[in-house]
Structures are given as structure tokens and as C-alpha cells.
Amino acid sequence: MFSRKRIVVIAVGLGAWHWVVAQEKNPFGKEPLPKAVIVDVAPGVKRVGAVTLDAHKKQISLPVAINMNEGPLEYLVVTGKGKTHESLLVTHAEPFHIKVAMLLLNCKGSDGRLIPEDDEKPIPGEQVKVELHWKEEDQLKKSALERFVQRVDKKKVAEGPFVFNGSRVFQGTFLAQRDGSIVSLITDNAALFNNPRLGRDDDEIWRPQAKGLPPLDSNGTLVIKIFKKNKNEKQN
């Protein structure tokens, strides 16, 4: 195991990062990425900026705040650079740091493959479970993030995984970092995580489900766990 509090500055040569470098000759070109300082805080536990990864639990976590409880949704999590007017949650965690943390858990995402426009076709990448954790009267609460989403056509939002596709590098820019897109409800190749459910091709049907949602501007933790789904299951 790694020694406690050992600090490492990530370099372009990080083995798991090579596939991104392969997409573009200069992935750091137009918009410099934030330095990723990896800190070992406990055996199997590392911190990359505001992101914590736990190798034993196969998960990452990051701080979030409740950003919306009504109105059209396109995203579930963005940074301040993202579409905050259409996102359920907002975070100050850097998308690049999230990417590094997932790579350290051996998740490579779509490996450069684009997301099909047809919402009946699977999204390339690793399936993950996304949860919101928060405190209510000193009690820890948690819920699958999709439970806070509803559709205007009243169709049920299926519980189940999202997909880590990992965003892309285009013309020297890491798109998730530029756009602030982390978890998307609509098809977005620039986002780190995408919604595999039917309807992801429609940007007008998604709304917050306010029932049970913590109050606006309250703080919580987003927990993303690597999830394996039965191949015969289908998202709706």
C-alpha cells in the first residue's frame, strides 16, 4: 500500500492517461488543465483536488450543492462554468481531477468512441451508480441521484446506472473542463458521465423531482461507484 499523505504531481505520462494524449498531439494546448496533485491520505484512499477516490470501495466522491428544484433540466452536475441554469447540482471539483480519479480506478471511459445519437443504442464506457449523500438533522441520508429526476410526460425514470464515457479532447482542449459538464441527462460527448435512458435525445422532457430533495443551496456529497449491470437489462 501507499504511504500516508504521500504527494505526487501527475504528469502527462500517467499510464492510464495515454489514450487521451493519443487523441490529440497537444491535449494541453489551448486551455491549460489544472495541476493534478495526488495525495495518499490512507491505504487505498487518494485525493485529487476536491475529489476523493477509494480503491477498496471502487468509488469517487466530490462536494456538491443543490442548485435547482424546478425548471427544465439538461444536466445533473456541472461546475460554475457549466449550464448552471439547467443543472440539478453544482460543484467546485475540477472535471480534469474527476477524470484522473476515474483513470486511477482503471476506468477508461469510451476510449474515444462517440455516443450514438439513437437513444436505444448503448453508450460506450463503464457503468456507474451515482448517489447523493447529505445530512439531515445530523443524520446521514443518501439516495440514487436519478430519484430526483422526473419526466414531463410522466413516464417513470428507471433506476440504474449512468455511464462514464470520459469526455473528449478536441483541438487541444479537454471538453469537460472547458464546458464544466460532469453528469449529463441529454446526450453530450463533452460530459464525463452520460444518461443511458430512453429520452436522452430530448432536452425538453427532464425536470427536478423536488420530493425528498435537500433544500436549495444546501451541501452534499456526490458518490460515484463503479457498477456492473446484467447485460440483459435495458434502461427506459
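The values are calculated or read from the model by the stated rules, or taken from the named source; none is laboratory data. The model shown is predicted, which means the values in this text are computed figures rather than measured ones. In this analysis, Cβ positions are derived from the backbone assuming ideal geometry, glycine residues included, and neighbour counts consider all displayed protein chains.
Could you run through the range 55-81 and say how many residues are part of a loop (DSSP other than H, G, I, E, B), over 12 Å from residue 93 (Cα atoms) and of a type in the set (Ser, Thr, Tyr)?
Counting residues in the range 55-81 that are part of a loop (DSSP other than H, G, I, E, B), over 12 Å from residue 93 (Cα atoms) and of a type in the set (Ser, Thr, Tyr) gives 0.
Take the range 30-51 and flag every residue that is of a type in the set (A, V, I, L, M, F, W, C) and part of a loop (DSSP other than H, G, I, E, B).
At the first step, the residues of the range 30-51 found to be of a type in the set (A, V, I, L, M, F, W, C) are 33, 36-39, 41-42, 45, 48, 50-51.
Residues satisfying the conditions are 33, 36, 50.
Can you tell me which residues in the range 179-208 are more than 15 Å from residue 115 (Cα to Cα) and surrounded by fewer than 17 Cβ atoms within 10 Å (Cβ to Cβ)?
203, 204, listed by residue number.
Being surrounded by 15 or more Cβ atoms within 10 Å (Cβ to Cβ) and not hydrophobic (A, V, I, L, M, F, W, C) is the filter here; which residues of the range 144-160 pass it?
146, 147, 150, 151, 160
Any residue that is of a type in the set (Val, Ile, Thr) and in a loop (DSSP other than H, G, I, E, B) - is there at least one of those in the range 133-154? Can you show your working first?
Keep residues of the range 133-154 that are of a type in the set (Val, Ile, Thr), which gives 149, 152.
If we keep only those that are in a loop (DSSP other than H, G, I, E, B) too, we end up with 152.
Yes, the range 133-154 contains at least one residue that is of a type in the set (Val, Ile, Thr) and in a loop (DSSP other than H, G, I, E, B).
Given the structure, is residue 129 within 15 Å of the chain's Cα centre (by Cα) and in a strand (DSSP E or B)?
Values: within 15 Å of the chain's Cα centre (by Cα): yes; in a strand (DSSP E or B): yes.
When the stated conditions are applied, residue 129 passes them.
Of everything in the range 31-62 that's among the basic types (Lys, Arg) and surrounded by fewer than 20 Cβ atoms within 10 Å (Cβ to Cβ), which residue is modelled with the lowest pLDDT?
35
Taking the range 76-98, which residues are surrounded by fewer than 22 Cβ atoms within 10 Å (Cβ to Cβ) and among the charged types (D, E, K, R)?
Scanning the range 76-98 gives 81, 83, 86.
Hey, among the residues in the range 82-107 that are among the charged types (D, E, K, R) and part of a loop (DSSP other than H, G, I, E, B), which one's farthest from residue 225 (Cα to Cα)? Quick ask: steps written out before the conclusion?
Pass one, the range 82-107, residues among the charged types (D, E, K, R): 83, 86, 94, 99.
Filter again for part of a loop (DSSP other than H, G, I, E, B), leaving 83, 94.
Details: 83: 24, 94: 18 Å.
The residue in question is 83.
Of the residues 65, 101, which single one is at pLDDT 95 or above, crowded, with 18+ Cβ neighbours inside 10 Å and within 15 Å of the chain's Cα centre (by Cα)?
101
From 201, 217, which residue is touching a residue at least 12 places away in the same chain (Cβ under 8 Å), on the phi > 0 side of the Ramachandran plot and not in a strand (DSSP E or B)?
Answer to the selection: 217.
A quick yes/no check of all residues on (1) free of Cβ contacts under 8 Å to residues at least 40 places away in the same chain; (2) out of contact with any Gly (no Cβ under 7 Å at 6 or more places or on another chain):
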residue	(1), (2)
82	no, no
121	yes, yes
127	no, yes
133	no, no
137	yes, yes
149	no, yes
159	yes, yes
181	no, no
187	no, yes
